[in-house]
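Trainee: Following this message is one structure expressed as structure tokens.
The values are calculated or read from the model by the stated rules, or taken from the named source; none is laboratory data. Keep in mind the model is a prediction, meaning the values are calculated, not measured. Here the Cβ is made from the backbone with ideal geometry for all residues, glycine too, and neighbour counts use every protein chain on show.
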Amino acid sequence: MIKVDKLSLGLMEVNCYFIRNEGSRECVVIDPGDRFKKIKSFIDENDLDIKAILLTHGHYDHIGQTKALKELTGADIYIHKLDADKLTDPNKSLAAYSYAKCEPAPADKLLEGGEVLRLAGMYIKVIHTPGHSAGGACYIIENNIFCGDTLFKASFGRYDFYDGSFEDIVSSVNKILSLEGEYNIYPGHGEDTTSSFERAANPLYKRV
């Protein structure tokens, strides 16, 4: 069984997740977006050994502390190939239009969707979920889905950025909610939810 810890970071209150097997120090981090001191304090307090940095997409509020975390831990950076350019281009990451300062942090591993990664003693399935961003990706670990800004509790992410698409986000939300079984869903902002709740409450479900 895995252990999931969450920090809500910065003005955008982005959810940064720390996932590990119960009783293990080895850990992956999803979306280290802001407040590096808070991230580092959590790592130090829990004596974590960070094995990978997984990014759900390349917008500034999700990637802001990627470089600092890589420098601290040496962990590889994973992102879908269609969002890789956002890690080094402040216009594409939207950092240029925000308060944020995002230092370039090139990806180490480019994803396509469909991979099953073996990291920190866990199997992590990758699915491509465009719509909010062309390279949006979800990470599935056991019965837990880390979905970035594709899906929120009873809602969904914006699709009006330069590479967003309403048609794609409808398809992606339905892809997530059509997975057989019950999942805990951990979005990029806001409260956790579940697949059964979203099948009943999400306005995009079955809108295909």
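Trainee: Of (1) outside any loop (DSSP other than H, G, I, E, B); (2) closer than 26 Å to Arg20 by Cβ; (3) touching a strand residue (DSSP E or B) at 6+ places or on another chain (Cβ under 7 Å), Val173 satisfies all except one. Which?
Mentor: All conditions pass for Val173, except number (2).
Trainee: Specify the residue that is nearest to Gly64 (Cα to Cα); the eligible residues are those in region 11-39 that are aromatic (Phe, Trp, Tyr) and part of a strand (DSSP E or B). Write out each step before concluding.
Mentor: Going through region 11-39, the residues aromatic (Phe, Trp, Tyr) turn out to be 17-18, 36.
Of the ones still in play, those that are also part of a strand (DSSP E or B) are 17-18.
Numbers: Tyr17: 14, Phe18: 16 Å.
Only one residue tops the list, namely Tyr17.
Trainee: Here is a further query. What are the pairs with Cβ atoms under 6 angstrom where one residue, in region 179-208, is charged (D, E, K, R) and the other, located anywhere, is surrounded by fewer than 18 Cβ atoms within 10 Å (Cβ to Cβ)? Sequence gap at least six, or different chains.
Mentor: So the pair list comes out as Glu182/Ser196; Glu191/Lys153.
Trainee: Which condition number does Phe42 fail, the rest of (1) modelled with pLDDT of 95 or more; (2) part of a loop (DSSP other than H, G, I, E, B); (3) over 23 Å from Gly164 (Cβ atoms) being met?
Mentor: (2)
Trainee: Report whether or not Asp85 is farther than 22 Å from Ser8 by Cβ and in a helix (DSSP H, G or I). Can you show your working first?
Mentor: On the way: farther than 22 Å from Ser8 by Cβ: yes; in a helix (DSSP H, G or I): yes.
So Asp85 passes the test.
Trainee: Do the conditions hold for His128, that is, is it in contact (Cβ under 8 Å) with a residue 12 or more places away in the chain, crowded, with 23+ Cβ neighbours inside 10 Å and within 24 Å of Thr150 (Cα to Cα)?
Mentor: Working: in contact (Cβ under 8 Å) with a residue 12 or more places away in the chain: yes; crowded, with 23+ Cβ neighbours inside 10 Å: no; within 24 Å of Thr150 (Cα to Cα): yes.
Judged against the criteria, His128 is not a match.
Trainee: Mind listing whichever residues of region 1-56 are touching a Lys or Arg at 6+ places or on another chain (Cβ under 9 Å) and either aromatic (Phe, Trp, Tyr) or on the phi > 0 side of the Ramachandran plot (or both)?
Mentor: Gly10, Tyr17, Phe18, Gly23, Asp47
Trainee: Follow-up. Would region 147-169 turn up any residue that is touching a residue at least 60 places away in the same chain (Cβ under 8 Å), outside any loop (DSSP other than H, G, I, E, B) and of a type outside the set (Lys, Arg)?
Mentor: yes
Trainee: Determine if region 52-74 includes at least one residue that is touching a residue at least 60 places away in the same chain (Cβ under 8 Å), under 19 Å from Met122 (Cα atoms) and part of a strand (DSSP E or B).
Mentor: Yes; the residues of region 52-74 include at least one that is touching a residue at least 60 places away in the same chain (Cβ under 8 Å), under 19 Å from Met122 (Cα atoms) and part of a strand (DSSP E or B).
Trainee: Sticking with this one: Looking only at region 66-103, filter to residues that are of a type outside the set (A, V, I, L, M, F, W, C), modelled with pLDDT of 95 or more and buried (at least 22 other Cβ atoms within 10 Å of the Cβ); which one of those is nearest to Ile141 (Cα to Cα)?
Mentor: In this case the residue turns out to be Tyr78.
Trainee: Now a separate question. Looking at Leu94, Leu69, Leu55, which one is under 12 Å from the mean Cα position of the chain (by Cα) and under 19 Å from Leu9 (Cα atoms)? Before you say what the answer is, go through the steps one by one.
Mentor: Numbers: Leu94 fails: under 12 Å from the mean Cα position of the chain (by Cα); Leu69 fails: under 12 Å from the mean Cα position of the chain (by Cα).
The match here is Leu55.
Trainee: Which residue is nearest to Val14 (Cα to Cα), if the candidates are limited to region 152-183 and must be loosely packed, with under 15 Cβ neighbours inside 10 Å and touching an Asp or Glu at 6+ places or on another chain (Cβ under 9 Å)?
Mentor: The qualifying residue nearest to Val14 (Cα to Cα) is Arg158.
Trainee: Same structure, new question: For the condition modelled with pLDDT of 95 or more, on the phi > 0 side of the Ramachandran plot and not hydrophobic (A, V, I, L, M, F, W, C), what is the one hit in Gly121, Gly135, Gly164, Gly157?
Mentor: Details: Gly135 fails: on the phi > 0 side of the Ramachandran plot; Gly164 fails: on the phi > 0 side of the Ramachandran plot; Gly157 fails: on the phi > 0 side of the Ramachandran plot.
Sole residue among the options that is modelled with pLDDT of 95 or more, on the phi > 0 side of the Ramachandran plot and not hydrophobic (A, V, I, L, M, F, W, C): Gly121.
Trainee: While we're looking at this one, here's another question. Assigned to a strand (DSSP E or B), more than 17 Å from Pro106 (Cα to Cα) and of a type in the set (S, T, N, Q), is that true of Ser8? I'd like the intermediate steps shown before the answer.
Mentor: Working: assigned to a strand (DSSP E or B): yes; more than 17 Å from Pro106 (Cα to Cα): yes; of a type in the set (S, T, N, Q): yes.
So Ser8 passes the test.
Trainee: Say whether the condition of being closer than 23 Å to His189 by Cβ and out of contact with any strand residue (DSSP E or B) (no Cβ under 8 Å at 6 or more places or on another chain) is met by at least one residue in region 42-60.
Mentor: yes
Trainee: Could you go through region 193-207 and let me know if any residue there is among the small types (Gly, Ala, Ser), within 16 Å of Gly113 (Cβ to Cβ) and out of contact with any Gly (no Cβ under 6 Å at 6 or more places or on another chain).
Mentor: Taking region 193-207 and keeping what is among the small types (Gly, Ala, Ser), we get 195-196, 200-201.
Of the ones still in play, those that are also within 16 Å of Gly113 (Cβ to Cβ) are none.
The answer is no, given that none of the residues of region 193-207 is among the small types (Gly, Ala, Ser), within 16 Å of Gly113 (Cβ to Cβ) and out of contact with any Gly (no Cβ under 6 Å at 6 or more places or on another chain).
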